[in-house]
Amino acid sequence: MLGHLFETIGVLLSVSICTLHGESRGCGYITMHDQETALRAKDQLNGNTLDGRQIQIHTTRPNVASRPQRLRSFRRRGFSDGWDTPDWR
């Protein structure tokens with residue numbers, strides 16, 4: 001039902017509804033074909049009502065691959081995990 005609503009705006013890539021014990025939690029994720037279509041869907045559908053509930057649309061930023069976070073060592077407090085120990089020591 002949610003997917004059909006967004007398909008009226010443009011090409012829909014995926015729909016994921018958040019559930020708990022098989023019932024909707026009232027939130028979900030929609031992936032549109034491109035950013036322009038997503039923004040148009042947000043402008044046109046935000047605040048509309050679906051099944052008696054008001055739709056609130058928030059945009060997200062795409063995941064950016066980043067280097068893995070390294071654990072810090074806290075030498076001042078007596079804890080060192082060895083991750084940030086320089087090789088020259």
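Observations, loosely collected:
- Residue identified as open to solvent by 100 Å² or more (accessible area, probe 1.4 Å), out of contact with any helix residue (DSSP H, G or I) (no Cβ under 7 Å at 6 or more places or on another chain), farther than 21 Å from Ser14 by Cβ and modelled with pLDDT of 65 or more among Gln69, Gln54, Gln35: Gln54
- Selection within the stretch 1-36: residues that are in contact with a His (Cβ under 9 Å, 6 or more places away or on another chain) and in a loop (DSSP other than H, G, I, E, B). The member of this set that is farthest from Gly52 (Cα to Cα) is Val11.
- Matching residues, the stretch 1-32, being surrounded by 12 or more Cβ atoms within 10 Å (Cβ to Cβ) and charged (D, E, K, R): Glu7
- Qualifying residues in the stretch 38-49 (those that are polar (S, T, N, Q) and open to solvent by 70 Å² or more (accessible area, probe 1.4 Å)) - the one farthest from the chain's Cα centre (by Cα): Thr49
The values are calculated or read from the model by the stated rules, or taken from the named source; none is laboratory data. Computed from a predicted model, the values in this text were never measured in an experiment. When we count neighbours, we look across all protein chains shown, and the Cβ atoms used for this are built from the backbone with ideal geometry, even at glycine. Ligands, DNA and RNA are excluded from the accessible area calculation, which covers all protein heavy atoms including side chains. Shrake-Rupley method; radii C 1.70, N 1.55, O 1.52, S 1.80 Å.
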